[in-house]
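Written below as structure tokens is the structure these notes are about.
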Amino acid sequence: MTVRGEGEYALGGVGVLDLAGERASFGSRLLADLGARVIRVERPGGWPPAVRSFSFLFENVNKLGITLDLEKKEGQDIFLELVRRNDILIEDFPPGYMSSLGLGQEVLRGSNPSIVIVSVTGFGQDGPRKGYRTSDRIASAFGGQMFICGGPENPPIKPFGPQSYYLASLFAAISALVGLREKRGDRRNLSFDISVQEAVAASLEHVLVRYFHEGTVAGREGGLQRDRGFCISPCRDGFILLTLFQQWPTLVEWMAGENMAEDLLDKKWEEEGYRREHIDHVIGVIGRWTRSHATQELFEKGQSLRFPWAPVRSPGDLLECPQLTARNFFMDVECPDGGQAMQYPGVPFKFGMPVPRGWTPAPGPGEHNHQIYHEELGVSLPEMERLRSRGVI
């Protein structure tokens, strides 16, 4: 099988079979970004239009798309031939589903002993909840992420977007890369079991560590950093992330020069401990000052004073960011329906080898059936039509 960019890109020559849905499709997308040839396998008919959302389009760029019914014997025979010709398999079916079809790991390795298998499930392949269904929201709640998101006076909230699934996808992509490395040492039985709940819990940063060492239950801090060193403050035209304790005398002098320091000139506020005890007052005074300024104005002057401040950018601001423009971060990708090209976020890495620049849109259901089945596997056109009529492809 001719694979994408063989020898040209970091993962040139690597073939990936992508059986993943929402839980892990971003992981195989990352492999495609590195130059792997990813074949997305969908059931005949593909996902319903409601599922082919902007997230779907984003997570499946640079992939080929075929349709195949794994529950039919003829579909399984074709799938095993694809397994034989590829290096990595990523799937997010419920535990035991592949085995119930007769496509367990022993069978897959009968076709390709060195296939790297990455399985992403809600709670893992074992344990009392292995058979439970999940969603991104459930994983965020069950993994402890939701508990620490939101304001201190408000109930927990879910972070924006499918963050739980993206965390699991990142671990899936890393696992696939580890598996490729181990293959070079002729390692076999390379299987990776990714739990979405564990992916979320593993990324809680200080929360669990503080609980283990101090017995402290982290609370919701809203726009404050956990040590209250940073806060998000409103400006005339947006918001800015600023420091509350670094270079305090300089900040107060700046505010006083505009007659907006209020009582922060009092000696008692020079004590960091006192400021921490009365942080709400400090934030209130600073907020009234920042509201009188434009975000960019505060950012630029803060930078000149060596303050580690940053404007809170909107999506529109990002598109106009000179840094991202200079690094060619955004990519133009054709619309699947042939409409005007859309801009997509690009790859967040650069290294010695090139990454693909000619991005292709997310494939439609069975868009590459002819290429994969006829041109590469040698299935005749009449046979393809027979398989299509039987709902195999």
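No value in this document is a laboratory result; all are computed from the given coordinates. Owing to the predicted nature of the structure, the values given are computational and were not obtained by experimental measurement. Positions of Cβ are backbone-derived with ideal geometry, glycine not excepted, and every protein chain shown enters the neighbour counts.
Quick look at the values:
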{"item": "Nearest-ten-degree value, helix 295-304 long axis tilted from longest Cα axis of the chain", "result": "80"}
{"item": "Net lengthening on full extension, Arg181/Ser114 (0.36 nm per residue, minus Cα-Cα)", "result": "23.0 nm"}
{"item": "Sorted largest first, extent of the stretch 230-317 alpha carbons per principal axis (Å)", "result": "42, 24, 21"}
{"item": "Sites Phe54 and Glu253 - FRET efficiency at Förster radius 35 Å, r taken between beta-carbons, to 0.05", "result": "0.15"}
{"item": "Within the chain: Cβ-based charge dipole about Cα centre, in debye rounded to nearest 20 (Lys, Arg +1; Asp, Glu -1)", "result": "640"}
{"item": "Shape of the stretch 277-393, Cα gyration tensor, a/c cut at 1.5", "result": "prolate"}
{"item": "Reachable aspartates and glutamates, given that their alpha-carbon falls under 15 Å from the alpha-carbon of Lys183 and they are not under 8 places away in the same chain", "result": "Asp87"}
{"item": "Two-decimal log10 I(q)/I(0) for the chain, as the Debye equation yields it once each C-alpha is a single scatterer, q = 0.07, 0.10, 0.13, 0.14 Å⁻¹", "result": "-0.44, -0.80, -1.13, -1.24"}
{"item": "The stretch 116-169: translational diffusion in µm²/s, Stokes-Einstein, Kirkwood Rh over Cα pairs, 37 °C, 0.692 mPa s", "result": "266"}
{"item": "Listed residue (Phe307, Gly366, Met384) projecting farthest to the positive dipole end of the chain, Cβ model", "result": "Met384"}
{"item": "Acute angle (nearest 10 degrees) that the helix 73-85 long axis makes with the longest principal axis of the chain, alpha-carbon atoms", "result": "70"}
{"item": "Ordering of 364-370, 300-306, 39-45 by packing [mean C-beta count within 10 Å, highest first]", "result": "39-45, 364-370, 300-306"}
